[in-house]
Amino acid sequence: MSTRTFRIAAPGAVVVVLATTMLMSAWAQHHDPFAGSNCTCETFCNYECAINATQPANLTLYRMTPKGVLGMDNKNTGDAHGDTSFVLSHRLTAYECREDPNSFFCSNLAQFEGDDKNSTDLIESLTIEVDGQWGPYLYCNPDNISDPLGSWSCKVDITPGGNAGPPPPQCKAANVTVYSDLCWNGFNPKVVPADSLGDCCAIASKEGKTKFQFDTVKKNCELYTFAFNVKSCKGYDLAFHEQGPETPPCNCSRVHQSAGRENLLNNNYGNQYIAGGEWYSHPLGGMCEEGQPLGFKNCTWRVVKVNKVIHAPCMYQHLDDNVVQNDPDCFSRCTKPYNVTSECYLECYTASTKTMSKDALTQPWSTAFSSDTVGDGGCPPATTA
């Protein structure tokens, strides 16, 4: 999400896109980052262990970013598989919500993440040295989501109560996050009359539902068993159960000093990220001063060099071409030039990716950076100014 979240091509859509993507990542983040590591929050914060520690190493990582957002402090990156997963997930999400053409993701996908051929979004390839003493993955975003050129910060979670102001006592007691003017895209909700959002939270808790919404006009509480996406809806309060108090996010000074790592094959993500891979966080508190080695003043990561910067639309085109070439018979049924949000294209896209290995899905990524020739699968260098 950013999360690898802030990868927006259309400035006018910044606020809603970022909030929605943050929500999608939040639903997947409810897991213990220390699981399977022989490490706990307490022992980690006491410097007694790390999360599946590795040797110090130089890693080739990638950052998808709006043009002009430079510097790696308080930013997220991914490896090739991780960022391929992110890109492909939006094509597959679009197919799932094609039944609702007004859904936010369906109606705006063509303007998302460099899909627009005129987008100025960039992808950086960087060599970053890390100390291998991994901490929890942090969610790094602009402090003001409408101003990506301003300051950024990394947080242990990304849904501190939503955007609807202080929640009613019933919602707070149930640890519910609320977002105004959004609603669920799902199937056959159970509709129960409710006088207020607080009553809706109480009803949802009693019913054991984790995804629900309150219709502020009709005064109904709508409870979902299955909901897979969100969309813009005036007059609705979207709600979901947040991380329980029994497993609060780990939050100490070391968390904000350590390079973080998240494995996308973790079960909490399900099949959302089909190419697998990892995402990384680089908090300012752990960044080495320029010219200084790892460990200087306890720093945990540093940028060794920027290898290459390319335009995001070039990469997106190669990734799409790779999927099309895997199943030309299916795509031959689709009208050309391809409408990348059409049902035919997305149906074939989904079917094709299901037959491809993680390495096959990711193959265009390395070629795009190793070659400058578009016809050979490469992407020419882009300027960052």
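Could you compute the FRET efficiency for residue 52 and residue 195, with r as their C-beta to C-beta distance and R0 at 30 Å, rounded to 0.05? Kindly include the intermediate steps, with their values, before the conclusion.
Numbers: r = 49 Å, r/R0 = 1.63.
Computed FRET efficiency for residue 52 and residue 195: 0.05.
3J(HN,Hα) along the stretch 287-301, derived from phi through the Karplus expression 6.51 cos²θ - 1.76 cosθ + 1.60 where θ = phi - 60°, amounts to 6, 6, 5, 4, x, 9, x, 4, x, 5, 6, 6, 6, 10, 7 Hz, with x in place of Gly and Pro.
Filter 172/211; 190/219; 211/231; 67/211; 117/211 down to the pairs with a C-alpha to C-alpha distance above 25 Å, please. It would help to have the intermediate numbers written out before the result.
Details: 172/211 15 Å; 190/219 14 Å; 211/231 14 Å; 67/211 36 Å; 117/211 36 Å.
Table pairs above 25 Å Cα-Cα are 67/211; 117/211.
Note on residue 188 and residue 207: their simple-model spin labels are 1.4 nm apart, each label 7 Å out from Cα toward Cβ. At an R0 of 56 angstrom, the distance between the Cβ atoms of residue 37 and residue 147 translates into a FRET efficiency of 0.95. How far apart, in nm, are two points set 7 Å out from the Cα along the Cα-to-Cβ line at residue 373 and at residue 70? According to this spin-label approximation, the distance is 3.1 nm.
Computed 3J(HN,Hα) for the stretch 349-354, one whole-Hz value per residue from the Karplus formula 6.51 cos²θ - 1.76 cosθ + 1.60 where θ = phi - 60°, is 4, 4, 5, 5, 4, 5, glycine and proline marked x.
For residue 297 and residue 251, compute 0.36 nm times the residue count separating them, minus their Cα-Cα distance, and round to one decimal in nm.
Length difference between fully extended and current span is 14.5 nm.
Selection among 315, 337, 266 by position relative to the dipole of the stretch 228-368 gives 315 as farthest towards the positive end (Cβ unit charges, Cα centre).
May I ask you to compute the full-extension gain from residue 383 to residue 321, defined as 0.36 nm times their residue separation minus their alpha-carbon distance, rounded to one decimal in nm?
On the way: separation 62, 0.36 × 62 = 22.32 nm, distance 2.45 nm.
Here the answer is 19.9 nm.
Can you compute the charge dipole magnitude of the stretch 258-385 about its Cα centre, using +1 on each Lys and Arg Cβ and -1 on each Asp and Glu Cβ, nothing else charged? Give it in debye, rounded to the nearest 20.
Numbers: 9 positive and 13 negative charges, 72 e Å.
Dipole about the Cα centre, nearest 20: 340 debye.
A simple rule links phi to the HN-Hα coupling: the Karplus curve 6.51 cos²θ - 1.76 cosθ + 1.60 with θ = phi - 60°, which for the stretch 272-285 gives 5, 10, 6, 8, x, x, 9, 10, 9, 10, 10, x, 4, x Hz, with x for Gly and Pro.
Database remark: amide H of residue 265 closer than 5 angstrom to the amide H of 277 (H placed geometrically; neighbours at sequence offset of 5 or more, or on other chains; Pro and chain starts carry no H). Distances between placed amide hydrogens fall under 5 Å for residue 152 paired with 143, all partners being 5 or more residues away or on another chain.
Computed from the coordinates by the stated procedures, all read-outs in this text should not be read as laboratory data. Here the structure is a predicted model, which means the values were calculated and not measured. All Cβ positions, even for glycine, are placed from backbone atoms using ideal geometry, and neighbour counts span all protein chains on display.
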